[in-house]
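Reviewing the structure listed below.
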Protein chains: 2
Amino acid sequence: MKILKNRNPAVPGFKAAGLDCGIKNKKIKDLALIVSEVPANAAAVFTKNRVVSPGVTWSRRALSKSGYCRAVIVNSGNANTVTGPKGYDDCDAITKKLAEELGIPQKEVFIASTGIIGVPLPSEKIIKATPKLVTELGGKTKNWTDASEAIMTTDLVSKSDRISYSFKGKRIVIGGITKGSGMVHPNMATMLGFVFTDAVIDSKTLKMALIEAADRSFNRITVDGDNSTNDCVAILANGKAKNSAIKPGTPGYREFVKALTKLCKNLASKIVLDGEGATKFVTVRVEGGKTRKQAYLIANSVATSSLVKTALFGEDPNWGRIFCAVGNAGTAFDPNKVDISLNKNRLLKNGNPTNIPPQKLVKAMKQHEIDITIDLKCGKEWEEVLTCDLSYDYVKINAEYTT
Amino acid sequence: MKILKNRNPAVPGFKAAGLDCGIKNKKIKDLALIVSEVPANAAAVFTKNRVVSPGVTWSRRALSKSGYCRAVIVNSGNANTVTGPKGYDDCDAITKKLAEELGIPQKEVFIASTGIIGVPLPSEKIIKATPKLVTELGGKTKNWTDASEAIMTTDLVSKSDRISYSFKGKRIVIGGITKGSGMVHPNMATMLGFVFTDAVIDSKTLKMALIEAADRSFNRITVDGDNSTNDCVAILANGKAKNSAIKPGTPGYREFVKALTKLCKNLASKIVLDGEGATKFVTVRVEGGKTRKQAYLIANSVATSSLVKTALFGEDPNWGRIFCAVGNAGTAFDPNKVDISLNKNRLLKNGNPTNIPPQKLVKAMKQHEIDITIDLKCGKEWEEVLTCDLSYDYVKINAEYTT
């Protein structure tokens, strides 16, 4: 797929800010705030990990109480996870202070954290910085850049994007920022995504749309449905576009989901491109599946195989590892029907090797973008999982994270 | 656990040989043979991968036809997998030739291969070497060393062990050789194990015992039940010990399973110790489980987490990753009851951090053997999964396997 540069994610009616409140012990930003001028309908999807951050618990409760949201506050450098009862109290104190500063109900605040686990959150630093953070809110490119930079951890670059489309004469804008770069177990290195739109859409429909879009984007850079303790993607819709309300099952809903999916896929691709130590951008596509689940399990098995990923890093034409990973997906298929291609070089036809010259395959593997296509020839369903290779630098980054 | 040196795996009534037949293009052994003087009862467990080597198909059929076995022939350097119809024909030709040389029925031969996938097996080299291989059969230490060396691929050392015990006045010997060293996805880099005993035990009971022993050993260095296309563990029992036949549910069966499990665990530990790029030997033990399955899923989730494994390599006291992996196991438990220790240093008590000084933890992590103990406090079941860390060298070895 085509990789897009960062676009300014500004959406009418939303303001952003980001600053250094001192969590990271470095002169880099670690606190972000995005605020909607009016109450916005909101929805979010959270980690499925059984161990969750108090921030996840707090935000899930607040959202279920109110269904809408005015402010999103995010700190990086400390995940506020496995921090005992203090962790939840910290969320409460931070959101209380922010709500006071903004003059909004506390339950309309959404809080998220990313960084090291098991270290108490220095909430006093966040609380102290809150008035300044509110003062700095603005709608300019710089404000959004500040916010997207302030949520980074091991990310090498900030990640944002925007898309807009017209439907029945109304222009609808969707913008978002995201972070995450631990790619072999992406969901164990926190992945956060915040998406904003000026569409008129109620929170229930918004959630349907978010789930649909995430299942073709953020959830397709996921290992086995595994999730970190802090993962979440939230969306806020402030209604400023004044379109007629988007309702499920309508053409307007399909258009919205299409645009939202595209935006989420761009954001998710940026996470993969910035994968820890990544040197390749890999798309594993399974076609001809009997069910989406079967296609997904096989794509995921290939995309998470350390042996496949190290071979891609080494540009080693050891393609048998791909077929081996297909067989390991824990789902039935007919090995004698399977075709496999890498960047349009057919490696396997009907389960038999095509005896492609290794030199030709090595040449294909030298490209930065690698497309592995697996055709099961037993149906019409497809799934794509995005991943990167497994390099020395992945090990280096993760062996030295806290020290 | 205590790591044992290689012991001579010789068992009365079995002979072994190993030589260089030229598959590897290096002057190193690549063909092994073990023969029982008399027909031996036999059992085996195979890979669960949907893509299997023709050798697996061939051996499974032969064993199901005969229930016993006289000869095991193994080549390294070529897995004979994804090799089209030729792969099965090659198995047939090799076993036919060997059966002729030994003067035994073809169905009493067991064949296995390990090495690169997708390259036709040079069966003519194996067939040509067979007469010499048979000539070299012997019961001495050197013969067994030759055989255990001839099944190695990326293994740095050969792996063998022997155990004996007395029951009702009869001494029973169990010996075995094994290979395997791809440890992040161990079962995708072929793991082979061959175990020999002089016990009197029928093949059905032998299979029961093998399954029980493998579930506390070879299958506990396994990722998610994933398997390579070639994995197998086979056991042959020739009855030379003249004990009264071992029957299920008897004290004699319990003694046999206990000894077999110990041997298999020693052999499996040797695979982990020789894990590709491994610098640590890691035992993840989950106690207080409600069911064995729950305990296993959690132990496996921790043992297969790239983030945990890179932290162990880097001796990085980022212990929150362990709890995160516990939560990711996809099984229910109460996070507020969990205790976690590393080499007897308590990190977490009732789901809360004990605030152990990082320096103390770093010191504990400098040891070569790392024991991670997780107590769920919801029952009495336990499971242990053995693993190693994830190092630069793992990436190096796997990025350059074929080139």
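Just one of the numbered conditions (1) assigned to a loop (DSSP other than H, G, I, E, B); (2) at pLDDT 95 or above is not true of A:Ala332: (2). Among the residues of the stretch B:269-286, those identified as part of a helix (DSSP H, G or I) and not charged (D, E, K, R) are B:Ser269, B:Ile271, B:Val272, B:Leu273. Determine whether B:Asp90 is over 24 Å from the mean Cα position of the chain (by Cα), in a helix (DSSP H, G or I) and either assigned by TED's automatic domain parsing to the domain that holds B:Glu37 or touching a residue at least 60 places away in the same chain (Cβ under 8 Å) (or both). The answer is yes for B:Asp90. Would you check which residues across the stretch A:15-60 are buried (at least 21 other Cβ atoms within 10 Å of the Cβ) and over 22 Å from the mean Cα position of the chain (by Cα) and list them? Correct list: A:Cys21, A:Ile23. Taking the stretch B:109-130 as the range and being surrounded by fewer than 24 Cβ atoms within 10 Å (Cβ to Cβ) and in a helix (DSSP H, G or I) as the test, the residues that pass are B:Ser123, B:Glu124, B:Lys125, B:Ile127, B:Lys128, B:Ala129, B:Thr130. Looking across B:Ala245, B:Ala295, B:Ala241, B:Ala259, one residue alone is at pLDDT 95 or above, closer than 20 Å to B:Ala329 by Cβ and either outside the structural domain of B:Thr387 (by TED's automatic domain parsing) or in contact with a Phe, Trp or Tyr (Cβ under 7 Å, 6 or more places away or on another chain) (or both). It is B:Ala295. Reported count of residues in the stretch B:353-362, each being within 7 Å of another protein chain (Cβ to nearest Cβ) and under 20 Å from B:Cys388 (Cβ atoms), is 0. Only one entry of A:Lys24, A:Lys29 meets the criterion of being of a type in the set (D, E, K, R) and either out of contact with any helix residue (DSSP H, G or I) (no Cβ under 7 Å at 6 or more places or on another chain) or assigned to a strand (DSSP E or B) (or both), and that entry is A:Lys24. Sort through B:Gly118, B:Gly18 and tell me the only one that's touching a strand residue (DSSP E or B) at 6+ places or on another chain (Cβ under 8 Å) and touching a residue at least 60 places away in the same chain (Cβ under 8 Å). That would be B:Gly18, the only listed residue that is touching a strand residue (DSSP E or B) at 6+ places or on another chain (Cβ under 8 Å) and touching a residue at least 60 places away in the same chain (Cβ under 8 Å).
Scanning the stretch A:61-85 for residues that are within 14 Å of another protein chain (Cβ to nearest Cβ), at negative phi and buried (at least 23 other Cβ atoms within 10 Å of the Cβ) yields a total of 4. Given the criteria polar (S, T, N, Q) and in contact with a Leu (Cβ under 8 Å, 6 or more places away or on another chain), does A:Thr197 qualify? Criteria met by A:Thr197.
Under the condition of being in a strand (DSSP E or B) and of a type in the set (Val, Ile, Thr), the residues counted in the stretch A:67-87 number 3. Considering every residue within the stretch A:276-290, establish whether at least one is more than 29 Å from A:Lys5 (Cα to Cα), over 20 Å from the mean Cα position of the chain (by Cα) and of a type outside the set (Gly, Ala, Ser). Within the stretch A:276-290 (the criterion being more than 29 Å from A:Lys5 (Cα to Cα), over 20 Å from the mean Cα position of the chain (by Cα) and of a type outside the set (Gly, Ala, Ser)), the answer is yes, since at least one residue qualifies.
Restricting attention to the stretch B:297-319, the residues that are part of a helix (DSSP H, G or I) and either in contact (Cβ under 8 Å) with a residue 12 or more places away in the chain or charged (D, E, K, R) (or both) add up to 14.
If we scan the stretch A:389-403, do we find a residue that is under 22 Å from B:Val119 (Cβ atoms), facing chain B (nearest Cβ under 9 Å), surrounded by fewer than 23 Cβ atoms within 10 Å (Cβ to Cβ) and more than 24 Å from the chain's Cα centre (by Cα)? There is no residue in the stretch A:389-403 that is under 22 Å from B:Val119 (Cβ atoms), facing chain B (nearest Cβ under 9 Å), surrounded by fewer than 23 Cβ atoms within 10 Å (Cβ to Cβ) and more than 24 Å from the chain's Cα centre (by Cα). The conditions of being assigned to a helix (DSSP H, G or I), more than 8 Å from chain B (Cβ to nearest Cβ), of a type in the set (S, T, N, Q) and surrounded by 23 or more Cβ atoms within 10 Å (Cβ to Cβ) are met by A:Asn266. Considering only residues in the stretch B:127-155 that are within 21 Å of B:Met191 (Cα to Cα) and out of contact with any Asp or Glu (no Cβ under 8 Å at 6 or more places or on another chain), the one that is modelled with the lowest pLDDT turns out to be B:Thr153.
Remark: pairs (first residue in the stretch B:329-352, more than 10 Å from chain A (Cβ to nearest Cβ) and touching a residue at least 24 places away in the same chain (Cβ under 8 Å); second residue part of a strand (DSSP E or B) and among the polar types (S, T, N, Q); Cβ separation under 7 Å; 6+ apart in sequence or on different chains) = B:Ser341/B:Thr373. For the stretch A:305-320, the set of residues classified as more than 7 Å from every other protein chain (Cβ to nearest Cβ) and surrounded by fewer than 24 Cβ atoms within 10 Å (Cβ to Cβ) consists of A:Glu315 only. Determine whether the stretch B:363-383 contains at least one residue that is part of a strand (DSSP E or B) and within 11 Å of chain A (Cβ to nearest Cβ). Checked against the condition, which is being part of a strand (DSSP E or B) and within 11 Å of chain A (Cβ to nearest Cβ), the stretch B:363-383 yields no hits at all.
Only one entry of B:Ser59, B:Ser64 meets the criterion of being in a helix (DSSP H, G or I) and modelled with pLDDT of 95 or more, and that entry is B:Ser59. Given the criterion farther than 20 Å from A:Phe323 by Cβ and touching a residue at least 60 places away in the same chain (Cβ under 8 Å), identify the matching residue among B:Val51, B:Val109, B:Val82, B:Val45. Exactly one residue qualifies, and that residue is B:Val45.
Would you be able to say whether some residue in the stretch B:162-174 is within 17 Å of B:Ala32 (Cα to Cα) and at pLDDT below 95? No, the stretch B:162-174 has no match at all.
The values are calculated or read from the model by the stated rules, or taken from the named source; none is laboratory data. The model shown is predicted, which means the values in this text are computed figures rather than measured ones. Here Cβ is always computed from backbone atoms with ideal geometry, including for glycine, and neighbour counts include all displayed protein chains.
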